[in-house]
Amino acid sequence: MIKVLSINLLLLISLNAFAQFPVPTDFQLNYTYIMIEQSGFCEGQVVGGPTYCSAFSWNAPDTTGLPSQLEFYRIYYKMYFMQDSTPIIIAEVNETFHEMQIGILGEIWVTAVYSNPDGESEPSNIIINDDLPISIEEQNNTNQFQIIYDREKHSLNFSSVESDITIRIYDLNGRCIISTVYNGNDIRLVRLKQGLYILEAGLPDSKTIHKKILF
């Protein structure tokens with residue numbers, strides 16, 4: 001009898017603790033891609049491409065009659081293509097809307113953080129984004145050269161190149177990771193983390209070619 005009462009008491013405490021920290025609802029993700037050499041608005045300011053602007057929104061939890069005080073929200077991100085798949089906190093905000101210059105490739109969700117007593121809610125609905133379309137005109141083959149990516153050697157090469165070409169590689173946040181001149185030798189990419197990148201090739205005739213590459 002005592003054992004049954006103890007189990008019931010623990011279950012009641014657990015249910016009360018869960019109800020004590022209500023969960024944000026209807027979590028949503030929307031994103032836009034700002035192309036290379038263009039600009040757009042993100043985080044309340046004008047930013048230059050290439051970059052993603054991700055917008056997160058959700059409904060506030062119902063805190064009616066709640067003893068705890070809702071303090072802020074945490075946005076969690078579990079990245080794909082990373083060796084360490086531990087979720088990371090990418091933002092702590094007070095509002096139910098937030099923008100960031102980031103491309104989300106993986107899982108993302110939001111929680112509510114409370115005080116007096118302190119605690120954090122369970123995750124909201126989890127959004128899984130497994131693709132990041134890029135609004136650029138990709139050209140894999142031209143009359144001048146072909147881009148060749150060797151996955152085993154983690155290197156880039158180009159066929160039918162008669163003169164040096166400028167190569168830049170950007171990450172999804174618009175940062176230029178590699179800037180070099182191709183002169184016939186392989187461009188080694190072993191230091192790049194796994195993920196999606198944008199390759200920009202500047203041709204001698206002033207044309208520019210873009211290509212998405214997954215390392």
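The values are calculated or read from the model by the stated rules, or taken from the named source; none is laboratory data. All of these numbers come straight from a predicted model, not from anything done at the bench. All Cβ positions, glycine included, derive from the backbone under ideal geometry; neighbour counts span all protein chains shown.
Report whether or not Glu107 is in a strand (DSSP E or B), in the same structural domain as Cys53 (by TED's automatic domain parsing) and surrounded by fewer than 18 Cβ atoms within 10 Å (Cβ to Cβ).
no
Return the residues of the range 39-67 that are surrounded by 13 or more Cβ atoms within 10 Å (Cβ to Cβ) and in a loop (DSSP other than H, G, I, E, B); say none if nothing qualifies.
Gly49, Pro50, Ala60, Pro61, Thr63, Leu66
Hey, could you check the range 68-79 for residues that are in a strand (DSSP E or B) and of a type in the set (Ser, Thr, Tyr) and say which is farthest from Ile90 (Cα to Cα)?
If we take residues in the range 68-79 being in a strand (DSSP E or B) and of a type in the set (Ser, Thr, Tyr), then Tyr73 is farthest from Ile90 (Cα to Cα).
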